[in-house]
Structures are given as structure tokens and as C-alpha cells.
1. Of the residues 302, 292, which is more than 16 Å from the chain's Cα centre (by Cα), loosely packed, with under 14 Cβ neighbours inside 10 Å and either modelled with pLDDT under 90 or closer than 16 Å to residue 239 by Cβ (or both)?
2. When you scan segment 1-99 for strands (runs of 3 or more DSSP E) that lie fully inside it, which ones turn up with 1 or more residues that are within 19 Å of residue 132 (Cα to Cα) and modelled with pLDDT of 95 or more?
3. Looking only at segment 120-150, which residues are more than 28 Å from residue 338 (Cβ to Cβ), in a loop (DSSP other than H, G, I, E, B) and touching a residue at least 12 places away in the same chain (Cβ under 8 Å)?
4. Take segment 152-190 and flag every residue that is modelled with pLDDT under 95 and hydrophobic (A, V, I, L, M, F, W, C).
5. When you check residue 101 against the structure, is it touching a residue at least 24 places away in the same chain (Cβ under 8 Å) and open to solvent by 50 Å² or more (accessible area, probe 1.4 Å), yes or no?
6. Out of the residues in segment 305-342 that are hydroxyl-bearing (Ser, Thr, Tyr) and modelled with pLDDT of 95 or more, state the one that is farthest from residue 172 (Cα to Cα).
7. Which of the numbered conditions does residue 153 fail, given that it passes all the others? Conditions: (1) more than 18 Å from residue 337 (Cα to Cα); (2) open to solvent by less than 30 Å² (accessible area, probe 1.4 Å).
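The values are calculated or read from the model by the stated rules, or taken from the named source; none is laboratory data. Note that this is a predicted model, so its numbers are computed, not measured. In this analysis, Cβ positions are derived from the backbone assuming ideal geometry, glycine residues included, and neighbour counts consider all displayed protein chains. Ligands, DNA and RNA are stripped out before the accessible areas are found, and what is left, the full protein with its side chains, is counted by its heavy atoms. Shrake-Rupley method; radii C 1.70, N 1.55, O 1.52, S 1.80 Å.
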Amino acid sequence: MKKMKSAVSVLLMLCLAVSLAFAGGSKEKKDAGSLVVYGSCEEEYLSAACAAFEAKTGVKTTYQRLSTGEVLTKIAEENGNPSADVWFGGTTDPYNEAAAKGLLEPYAAQNASHLVGQQFKDADNNWYGIYRGILGFFWNTEELARLGLQPPKDWDDLTKPEYKGLVSFANPNTAGTGKLIVNTMVQMKGEKAAMEYFAAVDKNIAQYTKSGSGPSKLVPVGEVVIGVGFLHDVVYQIVDNGYDNLGMTAPSSGTSYEIGATAIFKGAKNMDNAKKFIEFALSPDCVNIAQDNGSYQFLVIDNAKPVEAAVKAGLDKIQTIVYDFNDAKTNGPKYYEEFFQVISNDDRVKTK
């Protein structure tokens, strides 16, 4: 009888141990936690990246798509108590502004060892590059033919009187693409000449768009005839949306490029998961799905697969200037303020 009681006790203990083990496993999955992402790349890729991270880690991941300027304004207002944990995608100029204001959390990412160059990360580990995009011109071929006009070949062509009301690029207040255009012209022409240039181009502007990809969406449908922005956005309109009425080129005197970045916000409430996301963002699991979800930027880690649509479009042959990220980081806000001072009609600084 004593032996039977002892055996029953052992059996009960084993059952309890198994029960606790299963409970522990369930608790671990449940306690994987959450993550909130502000994304400034296109929503199709943002959504796919967040879904892939959640599937891989079990971390419940939510996101909101905002332009880089909107994110910068939002986290500056929140001042160390951010409503999101990480930033994903969008040009680095706003990231550098955020870093200068102490709004980003430095993190030494292990997967940064796969970056193909030191220019694709912040020197203090505030942000890391995940892709590279080339700045250029694009136009609606049907509309230009109807108007009897030739497409632009270089930056100064955008000031031609015959282009009045035909040109669009992104608002530097809301989009990192707009900031990049301002910084590029300052670096190529000099500060004073660049501002004179923008005053001249402003006479031809139909619309300053809220997002960097805005012009690429307006040009195919003829709402705008000539756009300035990233050429991979044009590839998307051709490959994914089937528009065959688009032409594009890089400016003949030179152009610059964006580094699309990712970073952790200072004061992130889910810091451990934020670090996991940065490692994920710098892995093939994340960047390889970009081209399957409408994003055709060049990738900047050495273990990613080539972006075939970008290569087929000849974007890999375009030469770019040596973009001075430090000058953009230090003096960019002053240049953007000057830009708005010199453009002739603020009513056209729209945010569509």
C-alpha cells in the first residue's frame, strides 16, 4: 500500500511537471511581447516586413505608415517618450536630424557586419542602411508628346519656361526625398546658387507632394507631367502597375542617392524587441522580400540577392556624386529654411 501511494505520488509529480512545462511554453509564446513600427518606405513592403518579423519571432507587430518628416515631427514632440519603438525605411537626412536631437537609441547591431560599406551606417550606431535609391527625373511620354516638348536631361532643364506648371517633387517639410533634393543641389551648385535655382524651378512647380513617392503616382495618370524622385518608384509603376507611358533618366551632370535606414527610438517601450527588429532588418529575411513587394531599391548587405528589376532598368549603371551626409546632418535644417524663404508662392507647398 505504501509502495502504491509512493507510485501515485511520483505519477502526480510527473503530471505536474509536464503541465508546468506546457504552461511555461505557452507563457513564453504569449510573453513574446509587442513592437510598434513607424514605417517610411512604401506600405506594401512595410506590411510584408512587419508580418515576416512577427512570424519569425512571435512578437506582435503593428505599424503605421508615415513620411520621414512626419515621423521626425512626431517623435520630436514626444521627446523621449515615443509611441513607437522603431523606424523602418525612408531617407537618412531626417534620421540624422533625429540623431542630432538625441531622439534615437544607439545600438551595435551584429548583422551590420554584412553592410557593404561604412557609409551605410551612422558612425555612432544611431541608424543602419537597408537599401539605396537613385534620384532622377521621370515623365509622362504621352503628355510630353501632346505638348510637343522634350524630356529634361539635366537639373537646369527644370527651369525652362515651357515646363511651367508641369513639374513636381516632394515637400522638404514632410518628406526626406525633398530634403535630399535640397541638399543635393546645395552640394552640386553651392548654397547661394542652389537657392536661386529653386526660386527659378518654383515657377514651374505644379505641386510639392507630401511623400517622396507622390510624383511617381501622379505622373503616370497625367496629373503631373514631370516628376523628380527615386527611380525605383518609377520601376514599380512600370513593373507592378503596368504603366508603359513613363520615361526616366538620371541628370546628366550628376545625381545623388538615398540610404533607406532603420533605427530605434530613444525611450522605446519594447527595447529588446526593437533590437531584434534591427537585426532582422539587416538580414536577408527582411531585405530580400522588398522586391517581391513593390520595392526595387538596391540592397546594401552582402548576403542579399540582386534586385533584378532595378538591374534590368539600368539603374546599376548610374554614377552618383559623393554625397556629404555630414553637411546634410549639420546644415540641412538651415538649407530647408532658406528653401522656403526663396520659393515664390507658398500656396503651392501642398501636401497631397
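1. 292
2. Numbers: elements: 34-39, 60-65, 86-91.
Counting at least 1 such residues, we get 34-39, 86-91.
3. Scanning segment 120-150 gives 125, 149.
4. 175
5. Yes; evaluated as a whole, the condition is true for this residue.
6. 335
7. (2)
Yes/no per residue for (1) out of contact with any helix residue (DSSP H, G or I) (no Cβ under 7 Å at 6 or more places or on another chain); (2) farther than 18 Å from residue 229 by Cβ:
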| position | (1), (2) |
| --- | --- |
| 40 | no, no |
| 43 | yes, no |
| 47 | yes, yes |
| 52 | no, yes |
| 58 | no, yes |
| 65 | no, no |
| 70 | yes, no |
| 80 | yes, yes |
